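What follows is one structure encoded as structure tokens, with my remarks underneath.
The values are calculated or read from the model by the stated rules, or taken from the named source; none is laboratory data. Keep in mind it's a predicted model, so treat the numbers as computed, not measured. Here the Cβ positions follow ideal geometry from the backbone for every residue, glycine too, while neighbour counts run over all protein chains shown. Heavy atoms of the whole protein, side chains included, go into the accessibility calculation; ligands, DNA and RNA do not. Shrake-Rupley method; radii C 1.70, N 1.55, O 1.52, S 1.80 Å.
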Amino acid sequence: MSITRNSLSTLVALAAPFLLTGLAAPAMAQSDPRISGFFALGVLSKPEYQGSSDQSIGPLIAGRLAYDNYYIETATLSASIALRANVSPWSGIEFGPVLGQRFGRSDVENKRVKLLGDIDDSTEAGAFMRVPFRDVLTSRDEAAIEVHYVHDVSSTASGGLLFFGGSYRFDPINRLRLRAIALAGYGSDRYNQTFFGVTQAGAAASGLPEYKASSGLRDLSLSLTANYVITGGWGINGVVSFKRLMGDAADSPIVTREGEENQITFGLGLSYRF
């Protein structure tokens with residue numbers, strides 16, 4: 001299913017890429033260790049591929065299982081699905097491994113980009129560190145800074161991505177939880193070339209100019225998530241994110257001639273917390 005960018009212009013300007021830190025947000029510290037969890041299922045609208053001006057529809061999936069300070073969580077993001085685990089025994093810092101699958105580019109709507117050839121999905125592995133600060137402005141909020149690195153281990157892109165930024169969550173009422181997440185993404189030269197470069201063969205096939213993408217700041221994003229409890233542990237989750245491609249990613253003819261540097265993702269789902 002494909003939707004043009006123009007049909008989305010009246011919507012808010014998402015994406016997540018850390019849906020898991022927004023929907024599957026850490027709970028406030030508990031006095032006694034206990035098992036808690038979260039899952040959400042819904043629909044996610046995201047760019048068909050990185051730099052696309054067309055939207056594709058897919059599933060929104062997020063989940064979390066925690067005991068004391070330890071947790072494991074997963075979520076679909078705008079361009080990947082990720083799984084990570086906090087192995088830190090301390091409440092003042094979170095860190096651990098990350099494993100994910102980044103979506104490639106195949107059978108796309110745009111005829112010229114389609115002629116560049118398919119990009120396979122890639123498997124990524126890395127690590128994250130997150131430092132939360134609770135009760136910053138009120139007794140019902142939490143701020144955090146985070147850094148997250150993944151590297152392709154499947155030889156699709158043979159490159160890496162570094163994300164860094166911060167978030168702020170607060171509960172204005174008992175039933176409502178809101179979170180804002182601001183992130184910057186840095187891509188290695190091999191990663192950026194894989195997704196935004198145009199090879200000599202690709203240029204000849206598509207008519208786009210040959211383009212070599214170097215390493216650098218790839219994007220800036222701002223995401224907003226909301227969870228409203230309906231009854232018991234059941235609730236509704238909404239997420240919207242605006243991502244602005246930067247640097248060599250934004251200058252790619254895949255973006256400037258056939259796509260859009262402003263990337264929007266949004267989703268809605270049903271959730272349950274326990």
Straight-line reach from LYS46: which lysines fall under 16 Å, measuring Cα to Cα and dropping same-chain residues less than 8 apart? LYS243
Determine how large the accessible area of TYR149 is when every protein chain is in place; take a 1.4 Å probe and give Å² rounded to the nearest 10. 100
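What does the helix-only formula give at 222 nm for the chain: each DSSP H stretch with n ≥ 4 adding -39500 (n - 2.57), the total divided by the residues, and the result rounded to the nearest 500 deg cm²/dmol?
When only DSSP H runs of four or more count, the value is -2500 deg cm²/dmol.
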Tell me which of THR231, SER221, SER241 sits at the most positive position along the dipole axis of segment 214-260, charges placed on C-beta atoms (Lys, Arg +1; Asp, Glu -1). THR231
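For ARG179, what is the net charge nearby, where nearby means another residue's Cβ is under 12 Å from its Cβ and Lys, Arg count +1, Asp, Glu -1?
Net charge in that neighbourhood comes out at -1.
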Please give the Cα centre distance for segment 188-239 versus segment 64-136, rounded to the nearest Å. 13
